[in-house]
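Values in this text are rule-based calculations from the coordinates and carry no lab data. Given the structure is predicted, the values throughout are model-derived calculations rather than measurements. In this analysis, Cβ positions are derived from the backbone assuming ideal geometry, glycine residues included, and neighbour counts consider all displayed protein chains.
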């Protein structure tokens, strides 16, 4: 099955700083790739996704590009806000069956 | 509003006392699953269901049971909870058609077993 490795946290940034959270994967074929976000006390929400190589997913100012050459799907945001404080999970399907494989999660804390 | 609901949101119980965590969805999704989230381990799948009356084990099924008698409900049953089942539990569904690769999560149930 497929697997994912995600940058460990926690990450602490000041407001308006640039954010990168690294994610690399191993996969058979070219599955869709996802970033999920978990705000404090809530469930996971889909943040963005990319369905094929070179696709860029984007949402709420976050971006991630599906790079097959480096098997990476790094999450970036140019200017973080306090409201972005959350745990971010990189994920991909384990196989065709429907199970998602998640990275360990990266906790982001943004200070005013 | 499309959603996945779980109840209870918080539960403290004692070892050996049977409990059920309910999960319900209003999106008519066929695929549903349960995950547990533990520090340093991320999310791990417990059980999943491809459709009514079709369930199968995930990565960490020991100590859990599920049933899928109706499409909208997928309860998680702990027959004899133990402290190592203290965790944060999420129910999830998977979309269909063009959203087939997207999963939708409930708000989570924080379980403490004393």
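Data for the structure
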read-out	value
Cα-only radius of gyration and Dmax that characterise the stretch A:22-99, units Å	12.6, 37
For the stretch B:1-96, projected area of the alpha-carbon convex hull averaged over all directions, nm²	6.2
Estimated FRET transfer efficiency when R0 is 35 angstrom, pair residue B:59-residue A:17 (beta carbons, to 0.05)	0.45
Antiparallel content of DSSP bridges confined to the stretch B:1-59, in %, to 5	100
Most fluctuating residue given options B:77, B:46, B:12, as computed from a GNM of chain B linking Cα atoms under 10 Å	B:12
Two-decimal Rg to Rh for the protein assembly as shown - Kirkwood Rh, Cα set	0.97
Pairs of Cα atoms farther than 17 Å apart, the stretch B:57-103, %	48
Label point distance in nm, residue B:99-residue B:28, each placed 7 Å from Cα along Cα→Cβ	1.2
DSSP beta bridges in chain B [antiparallel fraction, %, rounded to 5]	90
